[in-house]
């Protein structure tokens, strides 16, 4: 499994990440789904670094306030429908965990 900012590419979802990796030409045709998924994760990580994508902390968001609002933010994320666009739809707890990991 590979992690994207703390998230794991779950078994069974690798083929969808594989498709993206090949479309972006970061994986070779002979790469396994798992290897291609890992290459996509690394390409996305590098892109975030290149673009200097800031963290919530870098935006000056108070840590205590951020963590206090995690449950609400996770519920709102699911209610928006956006998580359904992912290869695996995360649970509220997984979204909260992701938000906690990206704070700093």
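Data overview
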item: Helices (runs of 4 or more DSSP H) (entirely within the range 40-104) containing at least 1 residues that are under 16 Å from the mean Cα position of the chain (by Cα) and touching a residue at least 12 places away in the same chain (Cβ under 8 Å); result: 70-80, 92-102
item: Test set (1) exposed (fewer than 14 other Cβ atoms within 10 Å of the Cβ); (2) more than 16 Å from residue 104 (Cβ to Cβ); (3) at pLDDT 90 or above - residue 27 fails condition number; result: (1)
item: Selected residue [modelled with pLDDT of 90 or more, surrounded by 15 or more Cβ atoms within 10 Å (Cβ to Cβ) and over 18 Å from residue 13 (Cβ atoms)] from 96, 76; result: 96
item: Check on residue 69, farther than 16 Å from residue 99 by Cα and modelled with pLDDT of 90 or more; result: no
item: Unique match (being over 14 Å from residue 98 (Cβ atoms) and at pLDDT below 90) among 43, 84; result: 84
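The values are calculated or read from the model by the stated rules, or taken from the named source; none is laboratory data. None of the values given here were measured: they were computed from a predicted structure. FYI the Cβ positions are ideal-geometry reconstructions off the backbone, even for glycines, and counts take in every protein chain you see.
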